[in-house]
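Encoded as structure tokens, the structure appears first; notes follow it.
The values are calculated or read from the model by the stated rules, or taken from the named source; none is laboratory data. Source: prediction; values computed, not measured. Cβ placement follows ideal geometry from the backbone for every residue including glycine, while neighbour counts extend to all protein chains displayed. SASA here: full protein model, heavy atoms, side chains in, ligands and nucleic acids out. Shrake-Rupley method; radii C 1.70, N 1.55, O 1.52, S 1.80 Å.
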Amino acid sequence: MSTLLKINASLFSSHGQSSQLTERFVAAWQASHPDTAVVSRDLAADPVPHLDGARVTAFFAKPEERNAEQQAVVAFSDALIAELRAADTVVIGLPMYNFGVPSTLKAYFDHIARAGVTFQYNAEGPKGLLTGKKAYILAARGGRYAGTPKDSQTTYVRDFLGFIGITDVEFVYAEGLNMGDDSKNTALADAHKAVAELTA
């Protein structure tokens, strides 16, 4: 049995356009891969705390020197990492807010980027440790930005995932969702077609 980790980053939880795309993707994936177990993480319903000095200090402290509060911080991060490590496939619903990724997704990334756990440095530079996974990013946007300098999301998400070892990353875009009904309907139809092809 394989495992698929679904991460929704929309502030609107399951009601967001990106979340609806992930639901469509997962349903189609399960139909063609019936032995897949699905693990869901909704960053709106169950947000990851943003980093602060105390949490970073907990990560850097020696295990034997951590107090109870620091141990709880690290245990929370370890649980997120274990969930990701166990997944064969990762699906992320990614809305665009003010030209960037949701801060809740950034907070999640900050908790899974752990030196010696999900990446390490050697003489050649950084090496990701979460290898052998495939990631699908379902990006929903009000405007049209793919392939332009204003698309900061694609490079950032691809670079971050690659940094921790997930280098096989595929993007599906639904753009122009706030540019009228025709634009929205066409964008969603194209995204649905792409999802159907990827999950066949």
Inset, instruction - Identify, from the list VAL48, VAL26, the residue that is touching a His at 6+ places or on another chain (Cβ under 8 Å) and within 23 Å of VAL91 (Cβ to Cβ). - result: VAL48
Inset, instruction - Could you please find all residues in segment 167-200 being acidic (Asp, Glu) and either closer than 21 Å to TYR97 by Cα or not in a helix (DSSP H, G or I) (or both)? - result: ASP168, GLU170, GLU175, ASP181
Legend entry - Evaluation of LEU51 against (1) touching an Asp or Glu at 6+ places or on another chain (Cβ under 7 Å); (2) outside any strand (DSSP E or B); (3) within 24 Å of PHE171 (Cβ to Cβ) (one fails), failing number: (3)
Inset, instruction - Can you confirm whether segment 141-158 contains a residue that is in contact with a helix residue (DSSP H, G or I) (Cβ under 7 Å, 6 or more places away or on another chain) and outside any loop (DSSP other than H, G, I, E, B)? - result: no
Legend entry - Unique residue being closer than 20 Å to VAL38 by Cβ and in contact (Cβ under 8 Å) with a residue 60 or more places away in the chain when the list is LEU84, LEU130: LEU84
Inset, instruction - Taking the residues in segment 71-126 that are among the hydroxyl-bearing types (Ser, Thr, Tyr) and part of a helix (DSSP H, G or I) as candidates, determine which candidate is most open to solvent (accessible area, probe 1.4 Å). - result: SER103
Legend entry - Considering residues of segment 51-65 that are open to solvent by 50 Å² or more (accessible area, probe 1.4 Å) and under 17 Å from TYR108 (Cβ atoms) only, the residue farthest from the chain's Cα centre (by Cα): ASP52
Inset, instruction - Test each condition in (1) free of Cβ contacts under 8 Å to residues at least 40 places away in the same chain; (2) within 30 Å of LYS193 (Cα to Cα); (3) open to solvent by 60 Å² or more (accessible area, probe 1.4 Å) for ASP42 and report the one that comes out false. - result: (3)
